2 protein chains.
Amino acid sequence: MIPTPATIADFRKVLADLPAPDAAAISAAQARNAQLTKPPGALGRLEDLAIWLAGWQGSATPRVTKPQVAIFAGNHGVVAKGVSAFPPEVTVQMVANFTHGGAAINQLARCFGATMTVDALELDRPTADFTETDAMSPDDLLAALLTGWNAVNPEADLLVPGEMGIGNTTSAAAIACALFGGAPEDWVGRGTGVDDAGLSRKAAAVQAGVARLTSQDPLDVLAALGGREIAAMAGAMLRARTLRIPVILDGFIACSAAAVLHLAAPGALDHCVAGHASAEAAHSRLLAALNKTPLLSLGLRLGEGSGAALAIGIVKAAAECHSGMSTFAEAGVAAG
Amino acid sequence: MIPTPATIADFRKVLADLPAPDAAAISAAQARNAQLTKPPGALGRLEDLAIWLAGWQGSATPRVTKPQVAIFAGNHGVVAKGVSAFPPEVTVQMVANFTHGGAAINQLARCFGATMTVDALELDRPTADFTETDAMSPDDLLAALLTGWNAVNPEADLLVPGEMGIGNTTSAAAIACALFGGAPEDWVGRGTGVDDAGLSRKAAAVQAGVARLTSQDPLDVLAALGGREIAAMAGAMLRARTLRIPVILDGFIACSAAAVLHLAAPGALDHCVAGHASAEAAHSRLLAALNKTPLLSLGLRLGEGSGAALAIGIVKAAAECHSGMSTFAEAGVAAG
């Protein structure tokens with residue numbers, strides 16, 4: 001097992017040497033898929049998902065029996081700029097709701113047999129307002145990445161990183177704008193429900209944050225503009241990669257964390273599938289930049305990992321079909 | 001409980017007096033939805049699904065704990081016209097595969113906690129070739145409708161009707177063409193994988209079948225062009241309505257059965273949601289004709305109820321979120 005990184009430089013080393021999927025398991029899964037009792041291709045994307053899972057799980061007959069939903073919460077200095085429809089107190093209130101089982105993600109995790117972990121990252125110490133200074137110091141960034149890294153259960157066979165953090169769509173928009181260019185207006189949306197004036201304030205904050213940047217290095221961008229929960233999700237996604245645990249990406253904020261990895265190392269998201277297209281306007285733009293096609297498009301815009309958790313059922317079903325079906329020979333069915 | 005129909009006329013009476021959803025349960029569910037710990041609308045279509053379920057289950061806190069997948073199989077005289085890539089023997093072979101648990105639908109039903117029933121409708125007595133004579137006599141139609149009617153478990157809280165029948169995309173295309181007009185080419189597709197010549201033969205068969213029709217009455221169209229499994233699905237969907245059991249519609253063939261009900265009685269599909277958009281080309285056209293927006297679009301084209309079974313997870317998750325989440329007051333979260 002790869003040792004726990006102790007420095008940002010260690011994280012960069014992990015990014016420079018990512019494990020590949022198991023080519024033999026992929027070949028074996030492809031061969032099996034061709035023999036299952038269905039017309040070729042008739043299970044559509046479920047077939048691709050099963051073969052992708054096979055590569056990361058290192059088995060021609062993958063299963064999803066121990067999915068983990070890992071939620072990270074952070075607070076954001078940029079809320080001082082009036083970018084959210086909810087007060088920042090809601091972050092800690094929602095963490096309590098997660099703990100007591102009352103949030104949407106609790107129901108979804110239970111529905112799909114996932115365990116759920118919650119890490120609240122220094123909620124009483126918000127990141128700095130990124131329009132004025134870097135959101136996180138190097139030590140803050142390291143601590144947040146490590147929180148994510150350590151949150152992943154090495155026994156999990158599928159990971160859904162999710163988040164809660166009033167103000168974090170603004171942080172995510174700033175990261176996306178910094179990494180992929182375009183106008184601030186291309187990347188900001190209504191989040192939990194800001195009005196037109198709030199939307200303008202979000203765009204202005206993104207503009208100011210991006211204008212302050214002195215480095216385009218993805219981890220530097222993350223420190224300058226990111227929230228702790230966004231860095232933690234990036235750390236969790238990276239840890240999952242080292243453990244070859246497949247990941248389902250949630251919405252706009254989770255994908256901003258993924259984007260940092262995507263630009264830091266080619267193929268860094270090969271172990272990730274996009275769970276859904278959020279109603280947050282810029283999410284589809286971000287998914288396109290990540291070359292990911294979402295599994296679901298049901299108009300969710302909640303965060304908490306909810307869209308990705310909903311997709312656990314799809315990924316699990318893909319594995320069950322692939323690994324549980326009979327072959328033509330086993331079933332005595334004419335292969336057409 | 002509505003007595004079991006004894007004649008086609010009895011089925012027409014059922015269609016003329018369909019039960020409505022529970023308006024009080026819908027109002028109560030809407031009020032509850034507004035109080036749940038999430039921004040308004042943030043669960044997207046899950047919110048609509050939960051309220052729809054509430055109406056049919058007659059409860060402000062609906063749940064899906066006893067879903068049923070009901071599979072019907074039939075054989076088709078029109079296969080003599082070379083319309084399928086698979087021989088008709090595959091229908092009975094696949095029924096055996098269902099019975100032994102080896103098909104995709106078995107894995108999906110188990111994955112989502114559904115019971116599964118299988119009715120094979122006189123597989124050794126295919127329907128007549130509809131290009132030459134009516135596919136089913138009135139007695140055949142009645143028997144098939146009753147098979148579907150009787151297959152529904154009154155204790156189920158969600159129903160997925162599915163099918164197996166070599167040649168049945170041609171029957172479904174003929175029904176759709178007869179009911180909604182357009183050219184045969186608009187409604188035929190590759191089914192289990194016919195080549196271009198097979199596709200032309202399918203269009204010619206549809207043309208011939210529709211040209212033979214002497215009545216536009218939906219049940220007459222079903223008798224003239226339908227397969228037994230299509231009629232059985234229609235019977236099951238109708239029985240579910242009388243029991244106020246919500247239904248998830250599968251692909252092109254299941255939707256051709258639904259289309260018969262849709263044209264036979266206004267609002268006959270109000271208890272139905274479209275589970276997915278199939279890769280079978282005409283399915284999206286048929287969904288549009290039924291005014292249904294699919295929950296999933298993952299390129300499946302297998303039948304067996306597979307796309308709808310995959311959507312059980314979505315519907316179940318909608319109910320779990322709605323009925324399991326805390327309200328703002330319960331959780332002590334600021335409502336924004």
Would you tally the residues in region B:49-76 being out of contact with any Asp or Glu (no Cβ under 7 Å at 6 or more places or on another chain) and either without any contact (Cβ under 8 Å) to a residue 12 or more places away in the chain or hydroxyl-bearing (Ser, Thr, Tyr) (or both)?
-> 2
For region A:275-295, does any single residue satisfy the condition of being surrounded by fewer than 24 Cβ atoms within 10 Å (Cβ to Cβ), assigned by TED's automatic domain parsing to the domain that holds A:ALA73, of a type in the set (Ser, Thr, Tyr) and on the phi < 0 side of the Ramachandran plot?
-> yes
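Report whether or not A:ASP124 is among the acidic types (Asp, Glu), at pLDDT 95 or above and in contact with a strand residue (DSSP E or B) (Cβ under 8 Å, 6 or more places away or on another chain). Give the derivation first.
Numbers: among the acidic types (Asp, Glu): yes; at pLDDT 95 or above: yes; in contact with a strand residue (DSSP E or B) (Cβ under 8 Å, 6 or more places away or on another chain): no.
Spelling it out, it is not the case that A:ASP124 is among the acidic types (Asp, Glu), at pLDDT 95 or above and in contact with a strand residue (DSSP E or B) (Cβ under 8 Å, 6 or more places away or on another chain).
Would you please name the residue that is farthest from the chain's Cα centre (by Cα), looking only at residues in region B:242-252 that are over 22 Å from B:PRO184 (Cα atoms) and not in a loop (DSSP other than H, G, I, E, B)? So that I can check it myself, show each step before the final result.
Initially, region B:242-252 is screened for residues over 22 Å from B:PRO184 (Cα atoms), giving B:242-249.
Now narrow it down to the ones that are not in a loop (DSSP other than H, G, I, E, B): B:242, B:247-249.
Working: B:THR242: 16, B:VAL247: 7, B:ILE248: 6, B:LEU249: 4 Å.
Result: B:THR242.
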Residue identified as of a type in the set (Asp, Glu) and within 14 Å of chain B (Cβ to nearest Cβ) among A:ASP186, A:ASP195 = A:ASP195
Give the residue, chosen from A:LEU287, A:LEU238, that is at pLDDT 95 or above and closer than 28 Å to B:SER297 by Cα.
-> A:LEU287
Screening A:GLN107, A:GLN30, A:GLN35 for residues that are in the same structural domain as A:ARG239 (by TED's automatic domain parsing) and either of a type outside the set (Phe, Trp, Tyr) or in contact with a helix residue (DSSP H, G or I) (Cβ under 7 Å, 6 or more places away or on another chain) (or both) leaves only A:GLN107
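Being among the small types (Gly, Ala, Ser) and either assigned to a helix (DSSP H, G or I) or modelled with pLDDT under 95 (or both) is the filter; apply it to region B:141-159 and report the residue that is farthest from B:ASP220 (Cα to Cα). Even if it seems obvious, please write down each step before you answer.
Taking region B:141-159 and keeping what is among the small types (Gly, Ala, Ser), we get B:143-144, B:148, B:151, B:156.
Checking the rest, the ones that are also either assigned to a helix (DSSP H, G or I) or modelled with pLDDT under 95 (or both) come to B:143-144, B:148, B:151.
Details: B:ALA143: 14, B:ALA144: 14, B:GLY148: 17, B:ALA151: 23 Å.
Step by step, filter region B:141-159, then rank; the result is B:ALA151.
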Residue count, region A:54-70 (criterion: surrounded by 21 or more Cβ atoms within 10 Å (Cβ to Cβ) and within 14 Å of chain B (Cβ to nearest Cβ)) = 4
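Looking at region B:127-145, is at least one residue acidic (Asp, Glu), on the phi < 0 side of the Ramachandran plot and in contact with an Asp or Glu (Cβ under 7 Å, 6 or more places away or on another chain)? Let's see the steps before the verdict.
Step one: filter region B:127-145 for residues acidic (Asp, Glu), giving B:129, B:132, B:134, B:139-140.
Now restrict to residues that are on the phi < 0 side of the Ramachandran plot: B:129, B:132, B:134, B:139-140.
Those left that are additionally in contact with an Asp or Glu (Cβ under 7 Å, 6 or more places away or on another chain): none.
Looking for residues that are acidic (Asp, Glu), on the phi < 0 side of the Ramachandran plot and in contact with an Asp or Glu (Cβ under 7 Å, 6 or more places away or on another chain), one finds none in region B:127-145, hence no.
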Pairs under 9 Å by beta carbon, first residue at pLDDT below 95 in region B:1-25, partner part of a loop (DSSP other than H, G, I, E, B), six or more apart or different chains?
-> B:MET1/B:PRO154; B:MET1/B:LEU243; B:ILE2/B:ASP17; B:ILE2/B:PRO19; B:ILE2/B:LEU243
B:ARG201 passes all but one of the listed conditions (1) closer than 13 Å to B:ARG285 by Cα; (2) assigned to a helix (DSSP H, G or I); the exception is number (1)
List, please: which pairs have Cβ atoms under 7 Å, are six or more places apart or on different chains, and start with a residue in region A:211-233 that is crowded, with 21+ Cβ neighbours inside 10 Å and modelled with pLDDT of 95 or more and end with one that is of a type in the set (S, T, N, Q) and not in a helix (DSSP H, G or I)?
-> A:GLY227/A:THR127; A:ARG228/A:THR127
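Name the residue that is farthest from A:LEU310 (Cα to Cα), counting only residues in region B:26-68 that are of a type in the set (D, E, K, R) and more than 21 Å from the chain's Cα centre (by Cα).
Initial filter on region B:26-68 (of a type in the set (D, E, K, R)): B:32, B:38, B:45, B:47-48, B:63, B:66.
Narrowing further to those that are more than 21 Å from the chain's Cα centre (by Cα): B:32, B:38, B:47.
Details: B:ARG32: 21, B:LYS38: 16, B:GLU47: 14 Å.
That would be B:ARG32.
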Inside region A:75-102, the number of residues satisfying the requirement of being farther than 16 Å from A:ALA203 by Cβ and within 13 Å of another protein chain (Cβ to nearest Cβ) is 17
What is the number of the single condition among (1) surrounded by fewer than 22 Cβ atoms within 10 Å (Cβ to Cβ); (2) modelled with pLDDT of 95 or more that A:GLY251 does not meet?
-> (1)
Yes or no: A:LEU145 over 22 Å from B:ALA319 (Cβ atoms) and either within 14 Å of chain B (Cβ to nearest Cβ) or within 16 Å of the chain's Cα centre (by Cα) (or both)?
-> yes
Would you be able to say whether some residue in region A:160-182 is in a loop (DSSP other than H, G, I, E, B) and more than 20 Å from the chain's Cα centre (by Cα)?
-> yes
Given region B:253-336, what helices (runs of 4 or more DSSP H) lie entirely inside it while holding 1 or more residues that are at the interface with another protein chain (Cβ under 10 Å from one of its Cβ atoms) and of a type outside the set (D, E, K, R)?
-> B:306-324, B:328-331
Could we say that A:VAL118 is modelled with pLDDT under 95, in contact with a strand residue (DSSP E or B) (Cβ under 9 Å, 6 or more places away or on another chain), more than 30 Å from B:VAL92 (Cβ to Cβ) and surrounded by 18 or more Cβ atoms within 10 Å (Cβ to Cβ) here?
-> no
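The values are calculated or read from the model by the stated rules, or taken from the named source; none is laboratory data. Quick caveat, the model's predicted, so the values are computed rather than measured. Positions of Cβ are generated from backbone atoms using ideal geometry, with glycine treated the same way; all protein chains shown enter the neighbour counts.
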